[in-house]
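Enquirer: Shown below is the structure under consideration.
Here, each number is a calculation from the coordinates, and none is a lab measurement. Everything numeric here is computed off the predicted structure, so don't read it as measured data. Methodologically, a virtual Cβ is constructed for each residue, glycine included, from the backbone with ideal geometry; neighbour enumeration extends over all protein chains shown.
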Amino acid sequence: MESIVELRGVEQAFRGPRGEVVALKGVDLKIPQGEFLTVVGPSGCGKSTLLNILVGLIEPTRGEQLYAGKRYRGINRDIGYVTQADNLFPWRTVLQNVTFGLDMRGIGSRKERKERALDLLEQVGLKGFAGHYRHELSGGMRQRVNIVRTLAYNPKIILLDEPFGPLDVQNRLQLQDLLLKLWQDRPGTTVIFITHDLTEAIGLGDRVVVMSARPGRVREIVPVTLSRPRDIYTIHTDPVFRELYDKIWAHLAEEMRVSS
């Protein structure tokens, strides 16, 4: 399939009090439209920096990023970004948080924006909390709102930076299952998902990118040969899953030894 986004020879260096730190070096990556790509790697290998470059928050020191075959600079409005922190506005209700992106882009009428937001909240089981505020929600509920706030304006690409990291196992599984269903209901939407959890990376992804220790580069890309749709609750029992897990862990463990 044709790539919706591509990185060519990307390098990112930062200047600090102790000199230059190279976060990424020689990163080449092609991501087809509609793919669910997961990314794993040792701490400090530049995974979050990679997403910041893709969305346009930072300009790479070297190399280039392409969207639909064309170079771009600055914030790419076709890309949505979901961080680990929910970043909900505490002074806005759940409904108002979900409509925020639609309001800023002037998408639809006020009534249409409200209807779209309520429909999404219903899909994630939160319609009854539309009038609540951030402090009235659990961590899992906040992250559901965070995700549908991004989905509301239908970005072509969604970046997720360890969005389920702080959650307990039950909430993680529920949100993984929910995210897969929301993605499958939106054919053509591309997802790039960073995680430290190999089970999560394999259960969600079409391919798993294994990053090297800093400076981060693409060490290996492992295709996930598991059929879809997937049952996120039982997928770990599949013998193919075990083979994939062991293969990815071998690459990751070697890089972790380098970084320690």
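Enquirer: Where does the Debye-calculated log10 I(q)/I(0) of the chain sit at q = 0.13 Å⁻¹, using only Cα point scatterers of equal weight, no solvent?
Expert: -0.87
Enquirer: I would also like to ask the following. Students often get this wrong, so check it: of Lys181/Lys247; Lys156/Lys247; Lys70/Lys156; Lys30/Lys70; Lys25/Lys156; Lys47/Lys156, which have C-alpha atoms separated by over 24 Å? Could the numbers behind the result be given before it?
Expert: Values: Lys181/Lys247 27 Å; Lys156/Lys247 31 Å; Lys70/Lys156 15 Å; Lys30/Lys70 13 Å; Lys25/Lys156 27 Å; Lys47/Lys156 20 Å.
Long pairs (Cα-Cα over 24 Å): Lys181/Lys247; Lys156/Lys247; Lys25/Lys156.
Enquirer: Continuing with this model, one more query. Cα gyration tensor of segment 110-260, axes a ≥ b ≥ c as square roots of the eigenvalues: rounded (a/c below 1.5), prolate (a/b > b/c) or oblate?
Expert: Prolate, since a/c reaches 1.5 and a/b exceeds b/c.
Enquirer: Here is a follow-up. Would you please name the chymotrypsin sites (Phe, Trp or Tyr not before Pro) within segment 128-185 that are DSSP coil residues with at most 11 other C-beta atoms within 10 Å of their C-beta?
Expert: Details: sites: Phe129, Tyr133, Tyr153, Phe164, Trp183; in loops: Tyr133, Tyr153, Phe164.
Counting only loop positions with at most 11 other Cβ atoms within 10 Å, none of the chymotrypsin sites (Phe, Trp or Tyr not before Pro) in segment 128-185 qualifies.
Enquirer: What is the distance in Å between the Cα centres of segment 18-79 and segment 141-179?
Expert: Answer, in whole Å: 20.
Enquirer: Restricting to Cα pairs below 8 Å that are 6+ residues apart, what does the relative contact order work out to for the chain? Please round to a whole percent.
Expert: Taking the mean separation of contacting Cα pairs over the length of the chain, I get 26 percent.
Enquirer: Moving to a separate point now. Where a ≥ b ≥ c are the square roots of the eigenvalues of the C-alpha gyration tensor, would you call segment 82-154 rounded, which needs a/c under 1.5, or, failing that, prolate if a/b is larger than b/c, or oblate?
Expert: On the way: a/c = 1.63, a/b = 1.43, b/c = 1.14.
It comes out prolate by the Cα gyration axes.
Enquirer: Oh, and also: Only loop residues by DSSP count here, and only those with at most 10 other Cβ atoms within 10 Å; note down the trypsin sites (Lys or Arg not before Pro) in segment 28-131 that meet that. Mind showing how you got there, number by number?
Expert: Numbers: sites: Lys30, Lys47, Arg62, Lys70, Arg71, Arg73, Arg77, Arg92, Arg105, Arg110, Lys111, Arg113, Lys114, Arg116, Lys127; in loops: Arg73, Arg77, Arg92.
The qualifying sites are Arg73.
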